[in-house]
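Chemist: Let me give you the structure first, and then I'll get to my questions.
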Amino acid sequence: MMEIDYVRSRFIKHFDGKTGNVYASPGRINLIGEHTDYNGGFVFPGAVDKGIMAEMRANGTEDTVMAYAIDLKDRVDFHLNDPAGPRASWARYIYGIALEMKKLGVPVKGFNIAFAGDVPLGAGMSSSAAMESCFACGLNDIFGDNKVSQWDMALAGQATEHNYCGVNCGIMDQFASVFGKAGCLMRLDCRSREFEYFPFKPDGYRLVLLDSVVKHQLAGSPYNDRRNSCENVVKHIQAKHPEGKFETLRDCTWEQLDEVRAEVGEEDYKRAKFVLGEKDRVLGVCDALNEGDYEKVGELMYQTHEGLSKDYEVSCEELDFLNDIARECGVTGSRIMGGGFGGCTINLVRNDLYRQFIATAKQKFNEKYGHEPKIYDVVIGDGSRKLC
Ligand code: GLA
């Protein structure tokens, strides 16, 4: 995590010299359970020790927001009552979450905000969810007496993506950012919203992310198309079984999927096939973790990669290449993490293999693509919080 002074000194300089309150929210990793959240399935994320930090303060105006993005050195002022909102994509997160918090009954008025982040942008670690939950946490504290629950803040973050940023995402990222706990992964049932903390101390192994540095951007990406494919399959299964209630792929069986295969077409069939398989794999990982069987966890991670690459088709050449290197080096588990279309692989590596794996991956990736992947050792950190 970055230093509070880094944000505070800019907040003081760019506004009226006064200090505000400082809030922080993390990005996330996900061990397994990809593209299952909007299908009512399970996910297995954890918060990381990197995220977004923001200093915020009510400025006494009715609806003027003065915002400064420290890393971009960009200042945008806007009005909460302006129906169009700001154009800068980063400022839309502030605008969106403020309006969503208002919908939840928080009387948000004008405020000043400066923020910075150390969660890499576009790496698939959910810098956007970190922003949403950080700003939600601040607005809830400053204007809402902390009345809004953690779940409602996570949902407000998700609604911000849907309503102001053009991404029809699921709930995993915002959930992880709000509820994260140091040292623990969380298994979330995205249908019932029940979850449990899973202490994650894999004896003899560690998690490391390899960032392909291929820009990952979900807005305007085929992310929404994937979701539409899944929903289309559910619609067809529902039509065939009017007696049943099919809300998401979570409610559908392999047999039912096979029944509609011809009518939905091969592409949508493959998308749904991945999701049904992934649902089973998350449960398999839970069992394996309970038994301390990390080799099994790793095997399931490779299967997920295969499915994301061949059936869900959200990988890219660079990520497949990183996955191949992991296999060649004998790494226990490796797969694309997050929405896909670039970003990172997450790797479960035996400690004794770690150095050699990283060195090999850097060298081979560099030979092929002219630059090294970035390496992030995973430290599982805490969720959204007020720092001072
Ligand atoms: C993105 C979305 C999440 C989830 C993942 C894929 O990170 O924001 O809701 O769907 O992709 O698992």
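Chemist: For segment 306-333, give me each residue that is within 16 Å of the ligand (Cβ to nearest atom) and either of a type in the set (Phe, Trp, Tyr) or within 19 Å of Tyr376 (Cα to Cα) (or both).
Modeler: Those that are within 16 Å of the ligand (Cβ to nearest atom) and either of a type in the set (Phe, Trp, Tyr) or within 19 Å of Tyr376 (Cα to Cα) (or both): Tyr312, Leu319.
Chemist: From the list Glu318, Glu295, Glu367, exactly one residue is open to solvent by 20 Å² or more (accessible area, probe 1.4 Å) and within 20 Å of Gly204 (Cα to Cα). Which is it? Show your work before the answer.
Modeler: Details: Glu318 fails: within 20 Å of Gly204 (Cα to Cα); Glu367 fails: within 20 Å of Gly204 (Cα to Cα).
Matching residue, one of Glu318, Glu295, Glu367: Glu295.
Chemist: Are any residues in segment 334-354 hydrophobic (A, V, I, L, M, F, W, C), away from the ligand (no atom under 16 Å from the Cβ) and open to solvent by less than 10 Å² (accessible area, probe 1.4 Å), and if so, which ones?
Modeler: Once the filter is applied, which keeps residues that are hydrophobic (A, V, I, L, M, F, W, C), away from the ligand (no atom under 16 Å from the Cβ) and open to solvent by less than 10 Å² (accessible area, probe 1.4 Å), segment 334-354 yields Leu348, Val349.
Chemist: Could you list all residues from segment 1-60 that are of a type in the set (Val, Ile, Thr), crowded, with 24+ Cβ neighbours inside 10 Å and touching a Ser or Thr at 6+ places or on another chain (Cβ under 8 Å)?
Modeler: Residues satisfying the conditions are Ile32, Val43, Ile52.
Chemist: Restricting the search to segment 23-77, which residues are part of a strand (DSSP E or B) and among the polar types (S, T, N, Q)?
Modeler: The initial filter retains those residues of segment 23-77 that are part of a strand (DSSP E or B), namely 23-30, 42-43, 45-58, 64-69, 74-77.
Scanning segment 23-77 gives Ser25, Asn30, Thr64.
Chemist: Would you mind listing the strands (runs of 3 or more DSSP E) fully within segment 314-388 where at least 1 residues are free of Cβ contacts under 8 Å to residues at least 60 places away in the same chain?
Modeler: Values: elements: 333-336, 344-350, 374-377.
Per the criteria, 333-336.
Chemist: With the checklist (1) in contact with a Phe, Trp or Tyr (Cβ under 9 Å, 6 or more places away or on another chain); (2) more than 25 Å from Val119 (Cβ to Cβ); (3) modelled with pLDDT of 95 or more; (4) open to solvent by 10 Å² or more (accessible area, probe 1.4 Å) in hand, flag the one item Ala288 doesn't pass.
Modeler: (4)
Chemist: Report, by residue number, each residue of segment 231-266 that is farther than 23 Å from Asn168 by Cα and aliphatic (A, V, I, L, M).
Modeler: Scanning segment 231-266 gives Ala239, Leu257, Val260, Ala262.
Chemist: Sort out which residues of segment 207-249 are among the aliphatic types (A, V, I, L, M) and modelled with pLDDT of 95 or more, and write them in order of number. Walk me through it before giving the result.
Modeler: Quick first cut of segment 207-249, residues among the aliphatic types (A, V, I, L, M) only: 207-210, 213-214, 218-219, 233-234, 237, 239, 249.
Those that are among the aliphatic types (A, V, I, L, M) and modelled with pLDDT of 95 or more: Leu207, Val208, Leu209, Leu210, Val233, Val234, Ile237, Ala239, Leu249.
Chemist: Residues being without any contact (Cβ under 8 Å) to a residue 60 or more places away in the chain and touching a helix residue (DSSP H, G or I) at 6+ places or on another chain (Cβ under 7 Å): count how many of those fall in segment 15-25.
Modeler: Of the residues in segment 15-25, 1 are without any contact (Cβ under 8 Å) to a residue 60 or more places away in the chain and touching a helix residue (DSSP H, G or I) at 6+ places or on another chain (Cβ under 7 Å).
Chemist: Another question, if that's okay. Any residue in segment 76-95 that is in contact with a strand residue (DSSP E or B) (Cβ under 7 Å, 6 or more places away or on another chain), in contact (Cβ under 8 Å) with a residue 60 or more places away in the chain and surrounded by 20 or more Cβ atoms within 10 Å (Cβ to Cβ)?
Modeler: Step one: list which residues in segment 76-95 are in contact with a strand residue (DSSP E or B) (Cβ under 7 Å, 6 or more places away or on another chain), which gives 76-80, 85-86, 88, 90-91, 94-95.
Next, from what is left, pick out any that are in contact (Cβ under 8 Å) with a residue 60 or more places away in the chain: 85, 95.
Those still in the list that are surrounded by 20 or more Cβ atoms within 10 Å (Cβ to Cβ) too: 95.
Yes, because at least one residue in segment 76-95 is in contact with a strand residue (DSSP E or B) (Cβ under 7 Å, 6 or more places away or on another chain), in contact (Cβ under 8 Å) with a residue 60 or more places away in the chain and surrounded by 20 or more Cβ atoms within 10 Å (Cβ to Cβ).
Chemist: Same structure again: Report whether or not Leu139 is more than 15 Å from the ligand (Cβ to nearest atom), open to solvent by 20 Å² or more (accessible area, probe 1.4 Å) and either part of a helix (DSSP H, G or I) or hydrophobic (A, V, I, L, M, F, W, C) (or both). Spell out how you get there, then give the answer.
Modeler: Details: more than 15 Å from the ligand (Cβ to nearest atom): yes; open to solvent by 20 Å² or more (accessible area, probe 1.4 Å): no; either part of a helix (DSSP H, G or I) or hydrophobic (A, V, I, L, M, F, W, C) (or both): yes.
The answer is no for Leu139.
Chemist: Also, quick follow-up: Is there any pair linking a residue in segment 1-14 that is basic (Lys, Arg) to one that is open to solvent by 60 Å² or more (accessible area, probe 1.4 Å), with Cβ under 7 Å and at least six apart or on different chains, and which?
Modeler: Pairs found: Arg8/Thr19.
Chemist: Here are Ala98, Ala129, Ala91: which of them is among the small types (Gly, Ala, Ser) and either assigned to a loop (DSSP other than H, G, I, E, B) or within 15 Å of the ligand (Cβ to nearest atom) (or both)?
Modeler: Values: Ala98 fails: either assigned to a loop (DSSP other than H, G, I, E, B) or within 15 Å of the ligand (Cβ to nearest atom) (or both); Ala91 fails: either assigned to a loop (DSSP other than H, G, I, E, B) or within 15 Å of the ligand (Cβ to nearest atom) (or both).
It is Ala129.
Chemist: Which number in (1) over 18 Å from the mean Cα position of the chain (by Cα); (2) open to solvent by 20 Å² or more (accessible area, probe 1.4 Å) marks the one condition that Phe111 misses?
Modeler: (2)
Chemist: A follow-up question, please. I'd like to check something: does segment 371-387 contain any residue that is at positive phi, open to solvent by 30 Å² or more (accessible area, probe 1.4 Å) and away from the ligand (no atom under 16 Å from the Cβ)? Spell out the reasoning first.
Modeler: Filtering segment 371-387 for residues at positive phi gives none.
For segment 371-387, residues at positive phi, open to solvent by 30 Å² or more (accessible area, probe 1.4 Å) and away from the ligand (no atom under 16 Å from the Cβ): absent.
Chemist: Please identify the pairs in which a residue from segment 280-300 that is outside any helix (DSSP H, G or I) has its Cβ atom under 9 Å from the Cβ atom of a residue that is open to solvent by less than 60 Å² (accessible area, probe 1.4 Å), counting only partners at least 6 apart or on another chain.
Modeler: Gly292/Pro202
The values are calculated or read from the model by the stated rules, or taken from the named source; none is laboratory data. Here the structure is a predicted model, which means the values were calculated and not measured. For neighbour counting, all protein chains shown are included, and Cβ atoms are generated from backbone atoms with ideal geometry for every residue, glycine included. Protein only, heavy atoms only, side chains kept; ligands, DNA and RNA dropped before computing areas. Shrake-Rupley method; radii C 1.70, N 1.55, O 1.52, S 1.80 Å.
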